[in-house]
There are 2 protein chains.
Amino acid sequence: MKKKTTIYDIAKELNITAATVSRALNDNPRISADTKKLVMATAKRLNYKQNRVAQALKSGKSKNVGVVLPYINRNFFSTVIRGIEEELNPKGYNVIITQTHEKANKEIDIVQNLLNAQVDGILISVSRQTNSNDHLTQVLKKNVPLIFFDRKKDIKGGSSVTLDDFQGAYKATQHLIAQGCTKIAHMTIDLALLIYQNRLAGYKQALSEHGIDFNPDYVIGLQSEIVAGIDAAKKLMSLPEPPDAIFSATDLGALGAIQYLKEIGKTIPDDFCVVGFSNEPFTQFMELPISSVDQSPLLMGKTAAKVFLEQIDSDDVKIEKNVVLSPTLEIRKSSLKRDNQ
Amino acid sequence: MKKKTTIYDIAKELNITAATVSRALNDNPRISADTKKLVMATAKRLNYKQNRVAQALKSGKSKNVGVVLPYINRNFFSTVIRGIEEELNPKGYNVIITQTHEKANKEIDIVQNLLNAQVDGILISVSRQTNSNDHLTQVLKKNVPLIFFDRKKDIKGGSSVTLDDFQGAYKATQHLIAQGCTKIAHMTIDLALLIYQNRLAGYKQALSEHGIDFNPDYVIGLQSEIVAGIDAAKKLMSLPEPPDAIFSATDLGALGAIQYLKEIGKTIPDDFCVVGFSNEPFTQFMELPISSVDQSPLLMGKTAAKVFLEQIDSDDVKIEKNVVLSPTLEIRKSSLKRDNQ
DNA sequence: TCATAAAATGTAATCGATTGCTCAATATTA
DNA sequence: TAATATTGAGCAATCGATTACATTTTATGA
């Protein structure tokens, strides 16, 4: 049970004070080169490691940032985390990951807990349930940078990195129109969330710009599951005038739809085109690869981390920064008609 | 820029000492009920939040655990994290996530960093490159619990939660044999890693138990990519006596193989059977769902977390615990011949 | 009513690193 | 050579919470 070596041990060893040791280790110019060398050597010899907790207490900076998101094991989110981690680790920050399971009260607890743990910043993608902002304004009140990614709340002082969902939906829909589709349906998830509102808006905009009337029957809600996609497709196809394309706000929805469409004998992409959203890895592995709107989660993570670093560095005023990333449409077989190739 | 309230603020407010406040907050029996009530009320009124960093410094317990793994955004690993997080969060622990990118020196840095950060434990899946154990024995020397998951190193004092890869491979191979396959190939990744050695061994065992000779030509190495799977399948199929089944140590390898096999006109599962390993989500989404060995990552994460908690609680002797989880074979279309249904 | 037990609170050190201020030892200048 | 400047290092407080140990207050019993 070895005691950790502290600067006091080094000090005793060299018959100097801990203050000198501390300064030497931090390369303070007031310390002579000789002493520094001695201290360094002794530190190495005694296997000294700085105690970040003690530093944190003294400086008020824990060098930890909290990341709050609905679920960790979703490709999108885990890739965002990867981006955050890759950007922040080299700067000496550790990343604390937490998941809300889309529960508002869990989110509140987590944020409180992170504040207690003295994190230097919080990067968050709010849960679907979250409707109160109190726990979020608390963060800013404590002078802790708050950066939203993907799902944001409008809070004065909070920054954000989001995807231009409107543009993504617009691109997807426009692409379907370019393929000759005119009866384009839209599968959505939860119109209470801004991102889905924006996707719907982008879809509508593309339609109207191309002189296609918006048909409310073509908009259908679903859960983010394959079976839901199948059911939704079934409903759409039983309409008096069934659609000839689907733009789904989720890849699983698109996948479910495709499965149902094949089942009823539709040929994709010739008879019917499908575009998803998120560019989940599986979309490209399929035998019928699915077109999808890429959300560049890695870039989103890195950008959120960079925004955080800017906030931390500029200790003057808290600047609010809102970055909107442009989505890319990955066109694959599910929506690329042969005669257009 | 509000100052955080401390126990001293509460003490001043009530004209008592910080010691009393501390005891009251911790429900110490030596403090009268009246005082406790007063302190609690004042704490709430002043919006007091305990400073975990100060506590950590005093107690030597940071209530943080470090998780080290190759990549965060792999379904297997992110699901393990989820399991860890779900088990540890309710116990008041925060989880610090780090990724090694399979680099040994990054792993060494990370472990050092986590120790500096005074984590209460380290859960790790070692990188492929890692060959030295020094950084790991360091952890145990500092009396910090070390729990391996999935990929382990044999270190005295370290615990582990792993999958019975041997059994998984055995089950997969046996299943292929039961389907009538006799010329079964095996795609592997890196035989320097124990898990792949075990999968190979399980494969061999199943063959030998069923009187099938082991053919070294049928074992082929590849990277964990689809293209590698395609290439490997190509090589296998150009053997003088090509196989009639593949047990791949990775799902992407299986997927690549399937794509190539279809290309050359093989009918799966009638002509050829394929089983993968990991049960990645995409395996079940495919039009031809792929059989795969499930590694139960969620359970693995939870179990690793539980082992950690046991270690922490039993402050007597450091007990080494090695849990081996049994894999389940998910049989899907890629290996289920019609006449066997 | 007074001694003694029991209960409630206070004192002060501690965890490890940092830093403003002070002081001592050289170095520089006139 | 005396006076001043420069450099190097020590002293002691601080961050916020915890906790042996001491002290005060109240309760109990004879």
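Each value in this text was obtained by applying a stated rule to the coordinates, not by laboratory testing. This is a predicted model, so every value here is computed, not measured. Glycine gets a Cβ as well: all are built from the backbone with ideal geometry, and neighbour counts include every protein chain shown.
Which stretch or stretches of the range A:67-88 have amide N atoms under 20 Å from the point lying 7 Å from A:Leu336's Cα along the Cα→Cβ direction?
none
Contour minus end-to-end for A:Asn116 and A:Leu191, with contour as 0.36 nm per residue of separation and end-to-end as the Cα-Cα distance?
Details: separation 75, 0.36 × 75 = 27.00 nm, distance 3.39 nm.
23.6 nm is the gain from fully extending A:Asn116 to A:Leu191.
Taking the Cβ of each residue in A:Ile258, A:Ile108 as the centre, tally the other Cβ atoms inside 10 Å and list the residues starting with the fewest. Show your work: numbers first, answer last.
On the way: A:Ile258 26, A:Ile108 18.
Starting with the residue having the fewest Cβ neighbours, the order is A:Ile108, A:Ile258.
What is the set of long-range amide H partners of A:Val293 at a cut-off below 5 Å, with H atoms built 1.01 Å from backbone N?
Those qualifying (amide H under 5 Å, at least 5 residues apart or on another chain) are A:Gly276, A:Phe277, A:Ser278, A:Asn279, A:Glu330.
Under 20 °C and 1.002 mPa s, how fast does the range A:224-337 diffuse according to Stokes-Einstein, given a Kirkwood radius computed over C-alpha pairs? Answer in µm²/s, whole number.
It comes out at roughly 136 µm²/s.
If amide H atoms are built 1.01 Å from N in the plane of the peptide, which residues on other chains or at least 5 residues away come under 5 Å of the amide H of A:Leu325?
A:Thr162, A:Leu163, A:Asp164
Counting only DSSP beta bridges with both residues in the protein assembly as shown, what percent are antiparallel, rounded to the nearest 5? Please report the intermediate quantities before stating the final value.
Values: 9 of 77 bridges.
Restricted to the protein assembly as shown, the bridges split so that about 10 percent are antiparallel.
Can you pick out the pairs among B:Lys171/B:Lys306; A:Lys153/A:Lys302; B:Lys103/B:Lys152; A:Lys262/B:Lys234 whose Cα atoms lie more than 18 Å from each other? Please list the in-between numbers first.
Values: B:Lys171/B:Lys306 28 Å; A:Lys153/A:Lys302 20 Å; B:Lys103/B:Lys152 15 Å; A:Lys262/B:Lys234 30 Å.
Distance filter (> 18 Å) returns B:Lys171/B:Lys306; A:Lys153/A:Lys302; A:Lys262/B:Lys234.
Hey, what does the equivalent ellipsoid look like for the protein assembly as shown, semi-axes from the Cα gyration tensor as sqrt of 5 times each eigenvalue, largest first, whole Å?
Working: eigenvalues 466, 253, 93 Å².
Calculated on Cα positions only, the semi-axes equal 48, 36, 22 Å.
Under 18 Å from the 7 Å Cα→Cβ point of B:Arg30, by amide nitrogen: which residues of the range B:47-80?
Of the residues in the range B:47-80, B:59 have backbone N under 18 Å from the label point off B:Arg30.
Return the distance in nm (one decimal) between the two label points of a simple spin-label model at A:Thr328 and B:Asp271, each offset 7 Å from Cα along Cα→Cβ.
3.6
Relative to the compact globular guide of 2.2 N^0.38 Å, what is the alpha carbon radius of gyration of the range B:7-50, as a ratio? Before the final figure, lay out the partial values.
Numbers: Rg = 8.9 Å, N = 44, 2.2 N^0.38 = 9.3 Å.
For the range B:7-50, the normalised Cα radius of gyration is 0.97.
What nm distance separates the two modelled labels at A:Lys12 and A:His210, each placed 7 Å from Cα along Cα→Cβ?
Between A:Lys12 and A:His210, the label points sit 7.8 nm apart.
Counting other C-beta atoms within 10 Å, which of B:Met40, A:Met300 has the fewest, and how do the rest follow?
Values: B:Met40 15, A:Met300 23.
So the residues, fewest neighbours to most, are B:Met40, A:Met300.
Per residue of the range B:229-239, in order, report the coupling 6.51 cos²θ - 1.76 cosθ + 1.60 (Karplus, θ = phi - 60°) as ³J(HN,Hα) in whole Hz, putting x for Gly and Pro.
Working through the residues one at a time gives x, 4, 4, 4, 4, 4, 4, 4, 6, 9, 5 Hz.
Estimate the FRET efficiency between B:Val227 and A:Gln50 by the formula 1/(1 + (r/R0)^6), using the beta-carbon distance for r and 45 Å for R0, to the nearest 0.05. Please list the in-between numbers first.
On the way: r = 45 Å, r/R0 = 1.00.
Calculated transfer efficiency: 0.50.
What number results when the radius of gyration of the range B:21-112, computed over Cα atoms, is divided by 2.2 N^0.38 Å?
On the way: Rg = 19.3 Å, N = 92, 2.2 N^0.38 = 12.3 Å.
Compactness ratio reported: 1.57.
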